[in-house]
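Undergrad: My questions all concern the structure below.
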Amino acid sequence: MNASECLQSHYCVEGVLQEADVPLKERASRINARCAALGKENVILVSIHANAAGNGSKWLNATCWSVYTSKGQTKADLLADDLARAAMKYLGSKAVRGDFADGDIDYEEGFYILKHTISPAVLTENLFFTNEDDLAFLEPKEGKQAIVDLHVEGIIDYLSR
């Protein structure tokens, strides 16, 4: 059983499967509804992205994996730490960048999805698709699996606390 199958066998995993973009207010509302139904201590939000820089006219050197939480110390900081440890394992420590100003690795931002959900919430940026080397890693099946595995392992570590 791989990490993804393990996670799905023990926990409810939901994703946004629509083709049309779902507004951030609606996304936060959906998460908060799950919190109301299950209890906020039983819900986490992990918003998974690939980063970009520039205007798309040329390859750029920007690269890294990073994780964001809302401002202040919350349970999301613990989730971010677990995801970062897993990212270092699957991507190498040089690929992971963080902001240690408050003693942990996450960047703290007022992103809507992080600020307006009542469960622990993180947003990960998984390398840059505007960096030729990062894209060469992300496109093959093995690269995609590494991104999946780091998230699954980080989530399992957080849930095992």
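Undergrad: Quick check: at a probe of 1.4 Å, how many percent of the accessible area of the chain sits on carbon and sulfur atoms?
TA: On the chain, the fraction of accessible area on carbon and sulfur atoms equals 53 percent.
Undergrad: Right, another one. Using alpha-carbon pairs under 8 Å, 6+ residues apart, how would you state the relative contact order of segment 43-161 in percent?
TA: Working: 205 pairs, mean separation 48.9, N = 119.
Worked out over segment 43-161, it gives 41 percent.
Undergrad: State the label only: which of (1) 16.4; (2) 15.4; (3) 17.1 corresponds to Kirkwood radius over Cα pairs in Å computed from the shown model?
TA: (1)
Undergrad: For segment 12-161, report the accessible area per residue in Å² (1.4 Å probe, heavy atoms, rounded to an integer). Before the final figure, lay out the partial values.
TA: Values: 8640 Å² over 150 residues.
Value for segment 12-161: 58 Å² per residue.
Undergrad: What percent do you get for the relative contact order of segment 91-161 when only Cα pairs under 8 Å and 6+ apart count?
TA: On the way: 23 pairs, mean separation 11.0, N = 71.
16 percent.
Undergrad: Cross-chain or 8 or more residues apart, Cα under 16 Å: how many lysine pairs in segment 22-122 fit that? Count them up, please.
TA: Details: LYS25/LYS115; LYS40/LYS75; LYS40/LYS115; LYS71/LYS115; LYS75/LYS115.
Step by step, the pairs that qualify in segment 22-122 add up to 5.
Undergrad: Continuing with the same structure: One quarter of the convex hull surface, Cα atoms only: what value does that give for segment 34-129 in nm²?
TA: Details: hull surface 27.6 nm².
Result: 6.9 nm².
Undergrad: Please find, in a Gaussian network model of the chain (springs between Cα atoms separated by less than 10 Å), the residue of LYS144, LYS40, LYS75 whose mean-square fluctuation is greatest.
TA: LYS144
Undergrad: With +1 on the Cβ of every Lys and Arg and -1 on the Cβ of every Asp and Glu, and nothing else charged, how large is the dipole of the chain about its Cα centre, in debye rounded to the nearest 20? Can you show the working numbers first?
TA: Working: 16 positive and 24 negative charges, 68 e Å.
I would put it at about 320 debye.
Undergrad: Label ALA37 and LYS71 with points 7 Å out from Cα along Cα→Cβ: what is the distance between them in nm?
TA: 3.3
Undergrad: Take peptides 54-60, 113-119, 26-32 and line them up by average Cβ neighbours within 10 Å, highest first, as a rough protection proxy.
TA: My ranking of the peptides, most packed first, is 113-119, 26-32, 54-60.
The values are calculated or read from the model by the stated rules, or taken from the named source; none is laboratory data. This one's a predicted model, so the numbers in the text were calculated from it and none came from an experiment. Don't worry about glycine lacking a Cβ; one is built from the backbone with ideal geometry, like all the others, and counts go over all protein chains shown. Just the protein is used for accessible areas: all its heavy atoms, side chains included, with ligands, DNA and RNA removed. Shrake-Rupley method; radii C 1.70, N 1.55, O 1.52, S 1.80 Å.
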